[in-house]
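Novice: Here's a structure for you.
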Ligand SMILES: Nc1ncnc2c1ncn2[C@@H]1O[C@H](COP(=O)(O)OP(=O)(O)OP(=O)(O)O)[C@@H](O)[C@H]1O
Ligand SMILES: [Mg+2]
């Protein structure tokens with residue numbers, strides 16, 4: 001269970017998010033929607049402990065992210081919007097490095113299966129700087145999963161991908177959710193309909209909708225009714 005309680009964040013004078021609260025149940029895939037600048041990435045940075053909120057709290061599977069950051073972060077994986085990767089490292093070397101940071105057991109086997117899962121078999125000997133945008137995105141996803149976290153936070157995971165790869169990644173995310181809780185943001189309303197069991201919409205830094213997908217006739221209609 002993930003508990004986000006009354007989080008707020010200002011950057012200087014800009015109120016990026018205000019008083020946002022939601023809980024995520026085990027095994028839920030939750031889509032986070034909202035226009036550019038609404039506060040999705042800021043919310044995700046706070047949920048993952050990358051950024052501290054001005055007020056409010058985040059509890060990840062029993063651990064408060066500000067009081068117990070290491071324990072909380074061991075349980076979560078994060079693909080950030082800008083997906084920063086060390087361009088001089090080789091793909092396999094980078095995944096082994098990340099797995100090592102998390103003290104993952106059986107690093108070599110784990111990295112091999114991750115390379116297989118994400119279709120990076122023709123890429124793993126390359127330097128990261130030589131990867132296509134889509135394969136960089138897949139590597140970003142792979143690193144978020146390498147330590148087998150229970151909670152995944154994915155900020156626009158399919159944004160750089162071609163339609164075929166988008167579907168591939170959507171399938172991977174759906175399968176993952178059988179054993180994990182997933183919070184993902186996207187601007188693709190049809191994508192979210194396919195994979196999320198619940199939808200949160202943020203507008204102007206405020207949570208304006210929290211609905212189960214099965215109760216929504218049209219995600220587009222809901223979106224346009226709360227985002228003007
Ligand atoms: N580092 C920063 N410094 C100053 N302002 C920031 C910073 N990061 C975000 N903001 C501002 O906070 C607000 C929320 O931004 P955020 O990146 O969370 O939106 P978003 O919903 O992820 O948008 P997008 O869909 O474009 O990714 C915006 O007004 C943005 O300009
Ligand atoms: Mg964003």
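No value in this document is a laboratory result; all are computed from the given coordinates. Here the structure is a predicted model, which is why all the values come from computation and not from measurement. With ideal geometry, Cβ positions are generated from the backbone for all residues, glycine too; neighbour counts draw on all protein chains shown.
Novice: Suppose only helical runs count, i.e. DSSP H with n ≥ 4. What mean residue ellipticity at 222 nm does that imply for the chain under -39500 (n - 2.57) per run, divided by all residues and rounded to the nearest 500 deg cm²/dmol?
Specialist: On the way: 8 runs with 78 residues, N = 228.
Mean residue ellipticity at 222 nm (helix-derived): -10000 deg cm²/dmol.
Novice: Now for a different question. Quick check: Cα centre of the stretch 104-122 to Cα centre of the stretch 45-78, how many Å?
Specialist: Here the two parts' Cα centres lie 27 Å apart.
Novice: A further question follows. What is the stretch 173-226's relative contact order, in percent, from Cα pairs under 8 angstrom and six or more apart in sequence? It would help to have the intermediate numbers written out before the result.
Specialist: Values: 39 pairs, mean separation 14.1, N = 54.
Relative contact order for the stretch 173-226 comes out at 26 percent.
Novice: A further question follows. With label points built 7 Å along Cα→Cβ from the Cα atoms of residue 10 and residue 159, find their separation and express it in nm.
Specialist: Result: 2.7 nm between the two label points.
Novice: Give the relative contact order (percent, whole number) for the stretch 45-174; include only Cα pairs under 8 Å separated by 6+ residues.
Specialist: 28
Novice: Return the ratio Rg/(2.2 N^0.38 Å) for the chain, where Rg is computed over Cα atoms only.
Specialist: Numbers: Rg = 17.3 Å, N = 228, 2.2 N^0.38 = 17.3 Å.
It is 1.00.
Novice: Now a separate question. Using the 10 angstrom Cβ neighbour count as an exposure proxy, how do 214, 96, 167 rank, fewest first?
Specialist: Values: 214 7, 96 18, 167 14.
Lowest to highest Cβ neighbour count: 214, 167, 96.
Novice: At 0.36 nm per residue, minus the direct Cα-Cα distance, what do residue 171 and residue 19 gain on full extension? Give it in nm, one decimal, please. Display every interim value, and only then the final one.
Specialist: Working: separation 152, 0.36 × 152 = 54.72 nm, distance 3.30 nm.
Contour length minus the Cα-Cα distance gives 51.4 nm.
Novice: Rounded to the nearest 0.05, what FRET efficiency is calculated for residue 26 and residue 66 with R0 set to 22 Å and r the Cβ-Cβ distance? Let's see the in-between values first.
Specialist: Details: r = 22 Å, r/R0 = 1.01.
For R0 = 22 Å, the calculated efficiency reads 0.50.
Novice: Let me ask another. Sticking with the crude label model, points 7 Å out along Cα→Cβ, report the distance from residue 132 to residue 117 in nm, one decimal please.
Specialist: 2.3
Novice: Could I ask something else about it? Defining a contact as two alpha carbons under 8 Å apart and six or more residues distant in sequence, what relative contact order in percent does the chain show?
Specialist: Details: 417 pairs, mean separation 62.2, N = 228.
With pairs under 8 Å counted, the relative contact order is 27 percent.
Novice: With the chain treated as a Gaussian network of Cα nodes joined by springs under 10 Å, which of 83, 203, 36 yields the largest mean-square fluctuation?
Specialist: 36
Novice: Roughly how many Å is it from the Cα centre of the stretch 129-162 to that of the stretch 20-35, as a whole number?
Specialist: For the stretch 129-162 versus the stretch 20-35, the Cα centre distance is 19 Å.
Novice: Regarding the stretch 82-148, what's the average projected area of the Cα-atom convex hull, expressed in nm²?
Specialist: Numbers: hull surface 15.8 nm².
Across all orientations, the stretch 82-148 yields a mean hull projection of 3.9 nm².
Novice: If you don't mind, another one. Give me the extension gain from residue 226 to residue 93: residue separation times 0.36 nm, minus the current Cα-Cα distance, reported in nm with one decimal. Before the final figure, lay out the partial values.
Specialist: Values: separation 133, 0.36 × 133 = 47.88 nm, distance 4.51 nm.
Between residue 226 and residue 93, full extension yields an extra 43.4 nm.
Novice: Let me ask something additional. Across all directions of projection, what mean area in square nanometres is found for the Cα convex hull of the stretch 75-193?
Specialist: Numbers: hull surface 27.3 nm².
If I average the Cα hull's projected area over directions, I get 6.8 nm².
Novice: Next question. Can you tell me the 0 to 90 degree angle between the C-alpha axis of helix 107-117 and the longest principal axis of the chain, rounded to 10?
Specialist: Tilt of helix 107-117: around 70 degrees.
Novice: Could you tell me how many degrees, from 0 to 90 and to the nearest 10, lie between the Cα long axis of helix 91-101 and the main elongation axis, the longest principal axis, of the Cα atoms of the chain?
Specialist: Roughly 70 degrees between the two axes.
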